[in-house]
2 protein chains.
Amino acid sequence: MLALLALFQISKYTIATGNSSVETVIAIIALVFFGIGIMINKRILHKDQKPIQEIDYNKIKEIGLSKREYEVLCEIAIGLSNKEIAEKLFVSENTIKTHVSNVLLKLDAKRRTQAIQIAKKLQILEQ
Amino acid sequence: MLALLALFQISKYTIATGNSSVETVIAIIALVFFGIGIMINKRILHKDQKPIQEIDYNKIKEIGLSKREYEVLCEIAIGLSNKEIAEKLFVSENTIKTHVSNVLLKLDAKRRTQAIQIAKKLQILEQ
DNA sequence: GCTTATTTCATACTTTAGTATGAGTTCTTT
DNA sequence: AAAGAACTCATACTAAAGTATGAAATAAGC
């Protein structure tokens, strides 16, 4: 705040004495307050917003999840049962059970609900 | 952009002719660019961030979830089994089953995974 | 104080989820 | 073309999850 007032006075003095061009002084003032506007806005917004987590496709490969297994994981996350997933993907429920088992194994989860949480923590599912 | 340049020229002219005080012109410039800084920043941040959804406690009451039932819902959401929730809350697994059934009924969910999704959509659980 | 809602628990049951194993098929990569 | 990975499916389990019902104890509101 004090620095701002000082800048203010210096600007006034500089223009009065004619040491610098008026354009330069105005440009500096503009730039400084432009920066201040960005800074303040950033602080306010950071309290009310959080960054969107992008899906980490490299981590999916790292974990060893196959394309189909990840697909099943996504369906689990939206709350579908094995039967419903089977119908949606046009395969048998047994096939889905196999995929689910593999997903749980690879995510080190005991249950599908835990798998969802782990997957979100690993950023392979949107939160 | 053109408006900015115009403002720039007007400021220069005003100071040169001495029609207004230097302080006023500088203050206007400062305010305008401060505002521009905020505007630009807001647009950029809105692309990379999303607002945090606050928990809607009124909706919890509206749905008719009791304190204990909501507590159980939260534990479900972090991926715990009925047994684990029972141990955590120092009650029997049968009690948890009763609570879970009531939660599913009130949220109109068929499964706990679906309940999690519905609860998040209703903003009674953090996403 | 009385009523009502909440919390607790049990028993018995049905349904879904998850494991283990084996095996045939397709797709890919060398 | 052969090898390996991925996808499919079945059978037979075990383990959880979820339903239905009834009931007792406690807490809260009138």
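The values are calculated or read from the model by the stated rules, or taken from the named source; none is laboratory data. From a predicted model like this one, the values you see are computed outputs, not experimental measurements. With ideal geometry, Cβ positions are generated from the backbone for all residues, glycine too; neighbour counts draw on all protein chains shown. The accessibility values were calculated without ligands, DNA or RNA, using every heavy atom of the protein model including side chains. Shrake-Rupley method; radii C 1.70, N 1.55, O 1.52, S 1.80 Å.
With respect to A:K88, determine if the residue is of a type outside the set (A, V, I, L, M, F, W, C), open to solvent by 80 Å² or more (accessible area, probe 1.4 Å), on the phi < 0 side of the Ramachandran plot and not in a helix (DSSP H, G or I). Considered against the rule, which asks whether it is of a type outside the set (A, V, I, L, M, F, W, C), open to solvent by 80 Å² or more (accessible area, probe 1.4 Å), on the phi < 0 side of the Ramachandran plot and not in a helix (DSSP H, G or I), A:K88 comes out as no.
Residues of segment B:94-119 that are touching a residue at least 12 places away in the same chain (Cβ under 8 Å) and either assigned to a loop (DSSP other than H, G, I, E, B) or within 11 Å of chain A (Cβ to nearest Cβ) (or both): B:L107, B:R112, B:A115, B:I116, B:A119.
Consider segment B:64-80. How many of its residues are closer than 15 Å to A:T113 by Cβ and either over 27 Å from the mean Cα position of the chain (by Cα) or in a helix (DSSP H, G or I) (or both)?
Summing the residues that are closer than 15 Å to A:T113 by Cβ and either over 27 Å from the mean Cα position of the chain (by Cα) or in a helix (DSSP H, G or I) (or both) in segment B:64-80 gives 6.
Selection of segment A:108-118 for residues being crowded, with 23+ Cβ neighbours inside 10 Å and more than 9 Å from DNA strand C (Cβ to nearest atom) yields only A:I116. Taking the listed residues A:K88, A:K61, A:K83, the one that is away from chain B (no Cβ under 11 Å) and under 19 Å from B:I116 (Cβ atoms) is A:K88, with no other qualifying.
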